[in-house]
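Novice: Structure provided below as structure tokens; questions to follow.
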Amino acid sequence: MSQPARDVALKDVAIKDVAIVGAGPIGLCLALELAALDLSVTLIDAAPYTALASPDDDGREIALTHASREQLAAAGIDIPARQMAPIREARLYNGASPRGMTLASARGEGRGREGQDSIGQLVANHVIRRAAFEAVQGVEHIQLVTGRRVSALGAGPGWRSVLLDDQAQIPARLVVAADGRLSATRRLAGLSAQIHDTGQRLLVRRMAHARPHREVTWSWFSGERGLALLPLAGDTASLVMTLPPHDAEWLKALSSEAFAAEATRLYQGSVGEMSCRGTLHDYPLSVSRAEHLVADRVALVGDAAVGLHPVTAHGFNVGLASVRRLVDALTHHDKAVEDVGAPAQLAVYARHHQRVILPLWHASRALVALYGDTRPPARIVRHLALGAARRAGPLQWLMEGYLAKSAARR
Ligand SMILES: Cc1cc2nc3c(=O)[nH]c(=O)nc-3n(C[C@H](O)[C@H](O)[C@H](O)COP(=O)(O)OP(=O)(O)OC[C@H]3O[C@@H](n4cnc5c(N)ncnc54)[C@H](O)[C@@H]3O)c2cc1C
């Protein structure tokens, strides 16, 4: 009979198939997909149980591709339709220039999936986290260890072990790091990463506005600033602002009314007058990429593998793709998993996922550098790039088609 996922007495833990460090949305989804293969999974997170069961609203709105939504549903993660807001079109502008580029459109340019009238859905990050956490409850093969950090990794013949900060050990045939872009597990496994602190800040806030957004996401790039508007239910939207620290501090010090007036001005009245609907969230903006995705019986997934710039709006989709690829690599042509975590399986995973994330990493870094450059030649290059992309569509291919397809690809 299935038991609810709960904290376990660590001394009772026998050798598991997989130990996953990080019960974020990616770790939870991976646990569900592995448990469906009858693999035993221990999921470890530093956060307390209550924080994982009822995650705080962190202001993030995640753009889910159709492939990601299908993957979550197949894993048993049920996100109510009323919690989703459709995206019908995505547009990108170079500063104040009225000539923008349509990155993706469900109707206009036929970039949405056939028969679908949206290119994706926006869902609040805490809604995904809550739904994923609820889904692991009652799954017999998943055990949860909360409120403990990983302090070391051990090794034996055909297994690794996770040593926790209370000295408990969890041995498993495979250890998966799903502990985010500053992954401690990655470091403990000796896997190096490029971590780039952009020095910028990301402010996000939900706003109400006077004019309809028509389910369009807008992004404007102008020198050091990047502004995005993500359409939510009714006449509300999430503002995502990439800013230098002094601008961020200045905006944070404003009253709600003054912030709304400044946001209306910054967004050039595109959706009319705005008023604040949520709290202001402030994130330091760093991006990261692991040089190698696997070590001896260790694999990296989600942001621990690559933490993309939010400008791509696809970090979570790429994380889900890493789950899909790892599960595929662990199963031999749909046969039962024989030795989970064997080097040959991990090599396949690393090769397939690296092939996808490398071009995304380089292209998104180049895009951010180009749009963050305030010098006049860069403005001209941006103008030309938008014009070229309008005609040839390489950016479109990068920003949505490739990602959506890669998320679904096996
Ligand atoms: C402002 C913002 C907006 C974003 N918008 C989008 C978007 O529109 N679309 C999109 O696709 N992506 C977006 N992203 C990216 C997306 O949020 C991430 O890709 C996603 O959260 C990664 O999930 P994860 O499970 O890999 O890591 P995380 O969500 O970071 O979860 C990691 C988990 O590991 C745990 N942990 C950490 N360290 C340890 C440790 N030492 N021991 C044990 N547990 C540990 C943490 O408690 C946490 O539960 C955005 C990110 C930000 C910051």
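Novice: Anything in segment 283-303 that is surrounded by fewer than 16 Cβ atoms within 10 Å (Cβ to Cβ) and either charged (D, E, K, R) or within 13 Å of Met207 (Cβ to Cβ) (or both)? List them, or say none.
Specialist: Correct list: Glu291, Asp296.
Novice: Oh, and also: Is it true that Asp328 is closer than 30 Å to Arg173 by Cβ and either at pLDDT below 95 or of a type outside the set (Phe, Trp, Tyr) (or both)?
Specialist: Details: closer than 30 Å to Arg173 by Cβ: yes; either at pLDDT below 95 or of a type outside the set (Phe, Trp, Tyr) (or both): yes.
So Asp328 passes the test.
Novice: May I ask you to say which residue of Ala5, Ala90 is crowded, with 24+ Cβ neighbours inside 10 Å, more than 13 Å from the ligand (Cβ to nearest atom) and at pLDDT below 95? First the steps, then the outcome.
Specialist: Values: Ala90 fails: more than 13 Å from the ligand (Cβ to nearest atom).
The conditions single out Ala5.
Novice: With the structure loaded, tell me whether Phe221 is crowded, with 17+ Cβ neighbours inside 10 Å, touching a Cys at 6+ places or on another chain (Cβ under 7 Å) and among the aromatic types (Phe, Trp, Tyr) or whether it fails that test. Don't jump to the end; show me each part of the working.
Specialist: Working: crowded, with 17+ Cβ neighbours inside 10 Å: yes; touching a Cys at 6+ places or on another chain (Cβ under 7 Å): no; among the aromatic types (Phe, Trp, Tyr): yes.
No: the conditions fail for Phe221.
Novice: Those residues that are outside any helix (DSSP H, G or I) and among the β-branched types (Val, Ile, Thr), I need them from segment 250-285; list them, please.
Specialist: Across segment 250-285, the qualifying residues are Val271, Thr279.
Novice: If you take the residues of segment 296-342 that are touching a helix residue (DSSP H, G or I) at 6+ places or on another chain (Cβ under 6 Å) and among the small types (Gly, Ala, Ser), which of them is nearest to Ile62 (Cα to Cα)?
Specialist: Gly319
Novice: Looking at Val240, Val311, which one is under 23 Å from Ala124 (Cα atoms) and in contact with a Gly (Cβ under 7 Å, 6 or more places away or on another chain)? Full working, then the answer.
Specialist: Values: Val240 fails: in contact with a Gly (Cβ under 7 Å, 6 or more places away or on another chain).
Checking each option against the conditions leaves just Val311.
Novice: Of everything in segment 210-226 that's in a strand (DSSP E or B) and touching a Ser or Thr at 6+ places or on another chain (Cβ under 7 Å), which residue is nearest to the ligand (Cβ to nearest atom)? Please lay out each step first, then the result.
Specialist: Going through segment 210-226, the residues in a strand (DSSP E or B) turn out to be 216-222, 225-226.
Of the ones still in play, those that are also touching a Ser or Thr at 6+ places or on another chain (Cβ under 7 Å) are 218, 225-226.
Values: Trp218: 14, Arg225: 16, Gly226: 12 Å.
That would be Gly226.
Novice: If you scan segment 286-301, which residues turn out to be aliphatic (A, V, I, L, M), within 27 Å of Thr242 (Cα to Cα) and not in a strand (DSSP E or B)?
Specialist: Quick first cut of segment 286-301, residues aliphatic (A, V, I, L, M) only: 287, 290, 293-295, 298-301.
So of that shortlist, the ones also within 27 Å of Thr242 (Cα to Cα) come out as 287, 290, 301.
Val301, the sole residue that qualifies.
Novice: Considering only segment 154-208, state which residues are buried (at least 16 other Cβ atoms within 10 Å of the Cβ) and part of a loop (DSSP other than H, G, I, E, B).
Specialist: Ala168, Ala178, Asp179, Gly180, Arg181, Ser183, Ala189, Leu191
Novice: Looking at Gly138, Gly27 in this structure, which one is of a type outside the set (Val, Ile, Thr), at positive phi and either at pLDDT 95 or above or away from the ligand (no atom under 14 Å from the Cβ) (or both)? It would help to see each step written out before you state the result.
Specialist: Working: Gly27 fails: at positive phi.
Going through Gly138, Gly27 in turn, just one is of a type outside the set (Val, Ile, Thr), at positive phi and either at pLDDT 95 or above or away from the ligand (no atom under 14 Å from the Cβ) (or both): Gly138.
Novice: Continuing with the same structure: Where residues in segment 175-204 are out of contact with any helix residue (DSSP H, G or I) (no Cβ under 8 Å at 6 or more places or on another chain) and farther than 15 Å from Leu308 by Cα, which of them is farthest from the ligand (Cβ to nearest atom)?
Specialist: Checking each candidate, the answer is Ser192.
Novice: Under 8 Å between Cβ atoms, at least 6 apart or on separate chains: pull out the pairs that start in segment 309-321 with a residue that is closer than 18 Å to Leu227 by Cβ and touching a residue at least 60 places away in the same chain (Cβ under 8 Å) and end on any residue that is of a type outside the set (S, T, N, Q) and within 6 Å of the ligand (Cβ to nearest atom).
Specialist: Pro310/Leu202; Ala313/Ala63
Novice: Take segment 337-355 and flag every residue that is out of contact with any Lys or Arg (no Cβ under 9 Å at 6 or more places or on another chain) and without any contact (Cβ under 8 Å) to a residue 40 or more places away in the chain. Even if it seems obvious, please write down each step before you answer.
Specialist: So in segment 337-355, the residues out of contact with any Lys or Arg (no Cβ under 9 Å at 6 or more places or on another chain) come out as 337-338, 344-345, 347, 350-351, 354-355.
Hits for segment 337-355 are Glu338, Ala344, Gln345, Arg351, Arg355.
Novice: I would also like to ask the following. Counting only residues that are in contact (Cβ under 8 Å) with a residue 12 or more places away in the chain, of a type in the set (S, T, N, Q) and touching a strand residue (DSSP E or B) at 6+ places or on another chain (Cβ under 7 Å), give me the strands (runs of 3 or more DSSP E) lying completely in segment 19-94 with at least 1 of them. It would help to see each step written out before you state the result.
Specialist: Values: elements: 41-45, 61-64, 85-87, 89-94.
Strands (runs of 3 or more DSSP E) meeting the threshold: 41-45, 89-94.
The values are calculated or read from the model by the stated rules, or taken from the named source; none is laboratory data. Given the structure is predicted, the values throughout are model-derived calculations rather than measurements. Cβ sites come from the backbone with ideal geometry, for glycine too, and all protein chains shown count toward neighbours.
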